[in-house]
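To keep things clear, I will list the structure first and then write my remarks on it.
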Amino acid sequence: ASLLQGEAMYTMRYGFWITTIASAKMAWKRKSFNVFLNNIVGFAKADKENQAFIVTPDQGKFIRKLRWRNIRSKLF
């Protein structure tokens, strides 16, 4: 499931850093480093295979902007 989660993050154009942060948070909540590792491996696999994106570039930009805004609001 974690591998698929990483692939989903790639296809939704999250980008590497948002994927890393989201995966770390998910792994922390589940208390399992394997969750983090599998998410990153799934993301890298999807990138290597050049999987098709499920959102347009504009939608991806919107998603990343929204995710960064939420990350910053939780930090500051």
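The values are calculated or read from the model by the stated rules, or taken from the named source; none is laboratory data. Note that the structure is predicted; figures quoted are calculated from it, not measured. As a convention, Cβ positions derive from the backbone with ideal geometry for all residues, glycine included, and neighbour counts pool all protein chains shown. Remember, those area values only see protein heavy atoms, side chains included, never the ligands or the DNA or RNA. Shrake-Rupley method; radii C 1.70, N 1.55, O 1.52, S 1.80 Å.
Which one is farthest from the chain's Cα centre (by Cα) among residues in the range 1-18 that are of a type in the set (Gly, Ala, Ser) and crowded, with 19+ Cβ neighbours inside 10 Å?
Filtering the range 1-18 for residues that are of a type in the set (Gly, Ala, Ser) and crowded, with 19+ Cβ neighbours inside 10 Å, the one farthest from the chain's Cα centre (by Cα) comes out as Ser2.
Out of Ile71, Ile54, report the one residue that is open to solvent by 100 Å² or more (accessible area, probe 1.4 Å) and of a type in the set (Val, Ile, Thr).
On the way: Ile71 fails: open to solvent by 100 Å² or more (accessible area, probe 1.4 Å).
Step by step, each of Ile71, Ile54 is checked, and only Ile54 is open to solvent by 100 Å² or more (accessible area, probe 1.4 Å) and of a type in the set (Val, Ile, Thr).
When the range 19-51 is examined, which residues are found to be among the charged types (D, E, K, R) and surrounded by 13 or more Cβ atoms within 10 Å (Cβ to Cβ)?
Lys25, Lys45, Asp47
Return yes when Lys65 is exposed (fewer than 13 other Cβ atoms within 10 Å of the Cβ), in a helix (DSSP H, G or I) and of a type in the set (D, E, K, R) and no when it is not. Working first, answer last.
Numbers: exposed (fewer than 13 other Cβ atoms within 10 Å of the Cβ): yes; in a helix (DSSP H, G or I): yes; of a type in the set (D, E, K, R): yes.
For Lys65, the condition - exposed (fewer than 13 other Cβ atoms within 10 Å of the Cβ), in a helix (DSSP H, G or I) and of a type in the set (D, E, K, R) - is met.
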